[in-house]
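Student: Once you've had a glance at the structure underneath, I'll fire off some questions.
The values are calculated or read from the model by the stated rules, or taken from the named source; none is laboratory data. Model, not experiment: these values are computed from the prediction. Counting neighbours? That spans all protein chains shown, and the Cβs are built from the backbone with ideal geometry, glycine included. Accessible surface is based on the protein model in full, side chains and every heavy atom, while ligands, DNA and RNA are left aside. Shrake-Rupley method; radii C 1.70, N 1.55, O 1.52, S 1.80 Å.
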Amino acid sequence: MPSKPRNRVGEVYGKLTVVRASERRTKSGNAYWWCRCSCGQEREVPGDKLSQNSARKKPLVTACLDCSREFQVEAVCAKNDREERQRRIDAKQRRAQLTGKVPDGWLSLPLTDAHARELGQVLFFRGTLCLRGHLAPYRINGGCLTCSGQKPSAAD
């Protein structure tokens, strides 16, 4: 028979506040707890998933299912924004090295495909070689302009 669990009622873990104990147990004998999220939804969480220790290797539950999904989406968006900022910085550095080696019109194009979309343009120039070794502008979702036969490559 498992021992009586420590009373966690009122404890806060992320956005969850423990409301009451559940009758369920995990396979290892840990108690489940009913927790209320700050958005008002309730979730039943195993006691071994509730912890203040952020350095734990085990995954923690800190919000209801809807809020957890929202956090995931926000994290992905933040990661994409960081990566896009880095791509633009890299493109600027490559362009600085290519000044005088490529047509000036290419250097005035947007830095990345996302930058071109923001500006409502179709072409962009990163200053990188395509898979076939061409140094030329790209079309959004269309690839290298030299590969498609539209512009000569600066690398040739």
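Student: Once fully extended, how much extra length lies between VAL73 and LEU119, figured as 0.36 nm per residue of separation less the alpha-carbon to alpha-carbon distance?
Tutor: Extending this stretch completely gives an extra 14.1 nm.
Student: Would you mind getting the accessible area per residue of the chain, heavy atoms of the protein chains only, 1.4 Å probe, in Å²? Mind showing how you got there, number by number?
Tutor: Details: 10200 Å² over 156 residues.
Ligands and nucleic acids excluded, the figure is 65 Å² per residue.
Student: Would you kindly calculate the translational diffusion coefficient of the chain, applying Stokes-Einstein with the Kirkwood radius from alpha carbon pairs, for 25 °C and a viscosity of 0.890 mPa s, and quote it in µm² s⁻¹ without decimals?
Tutor: Numbers: Rh = 20.0 Å.
For the chosen part, D equals 123 µm²/s.
Student: Starting from the Cα of LYS79, draw a straight line to each of the lysines and keep only those under 26 Å, dropping any in the same chain fewer than 8 residues away.
Tutor: LYS15, LYS49, LYS57, LYS58, LYS92
Student: Multiply the residue gap between GLN52 and GLN150 by 0.36 nm, knock off their C-alpha separation, and tell me the result in nm, one decimal place. Before the final figure, lay out the partial values.
Tutor: Numbers: separation 98, 0.36 × 98 = 35.28 nm, distance 5.89 nm.
Length gained between GLN52 and GLN150: 29.4 nm.
Student: A further question on this structure: What FRET efficiency, computed as 1/(1 + (r/R0)^6) with R0 = 41 Å and r the Cβ-Cβ distance, is obtained for ASN80 and GLU23, rounded to the nearest 0.05? Walk me through the numbers before you get to the answer.
Tutor: Values: r = 43 Å, r/R0 = 1.04.
That pair, ASN80 with GLU23, gives E of 0.45.
Student: Further question on the same structure: Roughly what would the spin-label model give for GLU44 and LEU129, points 7 Å off Cα along C-beta, in nm?
Tutor: The modelled label-to-label distance comes out at 6.0 nm.
Student: Something else about it: Working out 0.36 nm times the residue gap between ARG139 and GLU11, then minus their Cα-Cα distance, what length gain in nm do you get to one decimal?
Tutor: The span from ARG139 to GLU11 would gain 40.6 nm if fully extended.
Student: Could you check how much of the accessible area of the stretch 68-156 is carbon and sulfur, as a whole percent, using a 1.4 Å probe? Kindly include the intermediate steps, with their values, before the conclusion.
Tutor: Working: 3010 of 5780 Å².
Roughly 52 percent of what the probe reaches on the stretch 68-156 is carbon or sulfur.
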